[in-house]
Structure formats: structure tokens, C-alpha cells
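Report on the following structure.
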Amino acid sequence: MASVEEIVDLLARVRARGAGFVLRLEGRYTAVGDLHGDVDTLEKVLEEWPAPYLFLGDYVDRGNRGLEVVTQVFQLYVEGKAVVLRGNHESPLMNIDGGFLDELCEKLGRRCGYIYKEFEKTFASLPLAALLNGRVVALHGGIPLRDDMSPATLGELEKISGDLTTPQDPLAFQVLWNDPCPCDKYAPSPRGPGIWLFGREATKAFHRTHNTATVLRGHTYIPQGCASHHGGAVVTVFTSTAGPYRKTRPKIALVDDAVQVYDLDAKKPAQCPEDVDVF
Ligand SMILES: [Mn+2]
């Protein structure tokens, strides 16, 4: 276990990367869905699948080894071996009741409040989305919708500013929280206010604007570990087997200008259920 000083130093180095909210990447990545404190699965991925890695958010809460997971992915990030996107659990909105703050206090003692503030600042600095090889957009939750319910662009996400602790910005918030629905238009999300389910038309318009083919995301718990939505234009991967997710069949994805999902244990291409209605 790293010392308090080492953790605080690592967090400062993550913030110093200051890569912006939308990354433009080239090459082939191993993409990893929600981990939620599942350090054993993370280690399996790092041993058996090639770098560089693309982490799709939700490192902490629910599983009880979030500190180990988040420090390990941050270490890979500062070494240039991984890209670390923000999930909705990289926020005080979730960590106060979700388990991560309690875990810090249990493991680090009375300085946990101070250390959590360092995490909070660091989470607010993480990138929200990555464009890979001009064809695949990776993000945690989903395509954000503007006030007129048309999809926002990566250019708009790039320009987000202000206090991103929660994050307060509605587009940033939706990137972390939205899910696809098996519907044409959109619907309010049962997850709560300000969150939307986006349908086929939003996905189509988003891809037309950017000349992209696939949105790769995590966020939705799928027991089979993956799902295909909107004719394959949106793909979900889920990787955690910790805590409430112990029955998951974990998946990862290899990404170049397309996305191929693999079963983590069988190491074979996976068949993902189509247009699942998770709510
Ligand atoms: Mn999530």
C-alpha cells in the first residue's frame, strides 16, 4: 500500500498532465469497462492483454479495493501506458455514500478527509471522452443532449469550463451518466434528474457529425459483460466482478478504428446481446 505522501504526489502528477477533456488518440488500445474496486480483474487484464490501456471510468465504490485500483490506473496514466477517462463514480456525488470515502478512512486513518479532497480535484481534471483513430468515441456513460435534445459535439465538450467537481456542467454530467435506450428518440432516465436515455436518432446524428462509427462505453451493468446497441453503433463493456457484480462474465475490448469485444477469461471474441433494455 502506498503512503499518504506517495498518493498525494501521484494525484498531483495526474492533474499536471492536464490533457484536456477530449483526447485524440491513434493506435490500438485495450479498453476496460467499470472496475469498481476489482483489483484482481485489473491485474489479470494487465498481465494478459497488451498496453496501452483505455479505462472507461468507475474505478472506485462498491468493491472494497477502489484505492488499489485507482492508484494503479493513475500510475499507468502518468507513465503514459494508459488513458484514464472519468466515470460518474469519480465524484463526491457518489463517493460519500458509495464506499470510497469510507474505504479511504479505513485504510488511511484520520487524514482521509484531506486525501479525499485531493482525489476530488484530480477526478475533476480527468478527460471525459477520447476519439480513437478518428472512428471510435470512448466515454463512460453516453452521448449528451443539448437543451433542444439534439446531441452535443466533441467540440462542445472540449470547451467545458468552470467547476467540474460534481460535475456541475450539464453536458459533462450527461457524458458520465447517460445510457442508450432501445428507442428512436430519448427518454428521461430512471437514474435521476438531468440524466437521459439516448436513442437511435441521437447516435446516428452524433456519428454523422463526427464521421465516427462506434461509441464505446461502460456504466451499464450487463451480467454478460457487454451489449450492442443501435445496430452496433454503441457498445457497452463491463469488467468488474467485485461486490454486487460477482456473477459478471467480464469483457474487455480491443480498439483500433473499430471495436472488438473479448471475453476476459476465454480470450475469445464475444457475442454481445443486442438492444438490451436495462431499465
Ligand atoms: Mn457508471
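The values are calculated or read from the model by the stated rules, or taken from the named source; none is laboratory data. None of the values given here were measured: they were computed from a predicted structure. For neighbour counting, all protein chains shown are included, and Cβ atoms are generated from backbone atoms with ideal geometry for every residue, glycine included.
Residues in the stretch 259-279 that are touching a strand residue (DSSP E or B) at 6+ places or on another chain (Cβ under 8 Å), at pLDDT 95 or above and surrounded by fewer than 17 Cβ atoms within 10 Å (Cβ to Cβ): Gln260, Lys268, Pro269, Pro273, Glu274.
Working carefully through the options Pro127, Pro170, find the one that is touching a Phe, Trp or Tyr at 6+ places or on another chain (Cβ under 8 Å) and not charged (D, E, K, R). Walk me through how you get there before you give the answer.
Numbers: Pro170 fails: touching a Phe, Trp or Tyr at 6+ places or on another chain (Cβ under 8 Å).
Result of the check over Pro127, Pro170: Pro127.
Among the residues making up the stretch 193-221, a single one is aliphatic (A, V, I, L, M) and in contact with a Cys (Cβ under 8 Å, 6 or more places away or on another chain): Leu197. Across the stretch 42-80, the qualifying residues are those that are within 16 Å of the ligand (Cβ to nearest atom) and not in a loop (DSSP other than H, G, I, E, B), and the one among them that is surrounded by the most Cβ atoms within 10 Å (Cβ to Cβ) is Phe55.
Among the strands (runs of 3 or more DSSP E) confined wholly to the stretch 90-200, which include 3 or more residues that are more than 16 Å from the ligand (Cβ to nearest atom) and modelled with pLDDT of 95 or more? Reasoning before the result, please.
Working: elements: 129-132, 136-139, 186-188, 196-198.
Answer list for the stretch 90-200: 129-132, 186-188.
Just wondering, is there one or more residues in the stretch 5-18 that are under 18 Å from Thr239 (Cα atoms), in a helix (DSSP H, G or I) and not basic (Lys, Arg)? No, every residue in the stretch 5-18 fails to be under 18 Å from Thr239 (Cα atoms), in a helix (DSSP H, G or I) and not basic (Lys, Arg). Consider Gln271 carefully, then state whether it is touching a residue at least 24 places away in the same chain (Cβ under 8 Å) and either part of a loop (DSSP other than H, G, I, E, B) or within 15 Å of the chain's Cα centre (by Cα) (or both). So Gln271 fails the test.
Take the residues of the stretch 16-46 that are of a type in the set (D, E, K, R) and in contact with a Leu (Cβ under 9 Å, 6 or more places away or on another chain): which is nearest to Cys226 (Cα to Cα)?
Of the residues in the stretch 16-46, the ones of a type in the set (D, E, K, R) are 17, 24, 26, 28, 34, 38, 40, 43-44.
Then keep just the ones that are in contact with a Leu (Cβ under 9 Å, 6 or more places away or on another chain); that gives 24, 26, 28, 34, 44.
On the way: Arg24: 24, Glu26: 24, Arg28: 19, Asp34: 11, Lys44: 18 Å.
Only one residue fits best here, namely Asp34.
For Val255, the conditions (1) closer than 23 Å to His89 by Cα; (2) touching a residue at least 60 places away in the same chain (Cβ under 8 Å); (3) under 16 Å from the mean Cα position of the chain (by Cα) all hold with the exception of (1). If you check Leu176, Leu157 for being in contact (Cβ under 8 Å) with a residue 60 or more places away in the chain and out of contact with any His (no Cβ under 8 Å at 6 or more places or on another chain), only one passes: Leu157. Flag: Thr203 does not match the condition of being at pLDDT 95 or above and either within 15 Å of the ligand (Cβ to nearest atom) or out of contact with any Pro (no Cβ under 9 Å at 6 or more places or on another chain) (or both).
Restricting attention to the stretch 206-241 and to residues that are farther than 15 Å from Ala31 by Cβ and aromatic (Phe, Trp, Tyr), the residue that is nearest to the ligand (Cβ to nearest atom) turns out to be Tyr221. Summed over the stretch 216-244, the residues that are part of a strand (DSSP E or B), touching a residue at least 60 places away in the same chain (Cβ under 8 Å) and polar (S, T, N, Q) give a count of 1.
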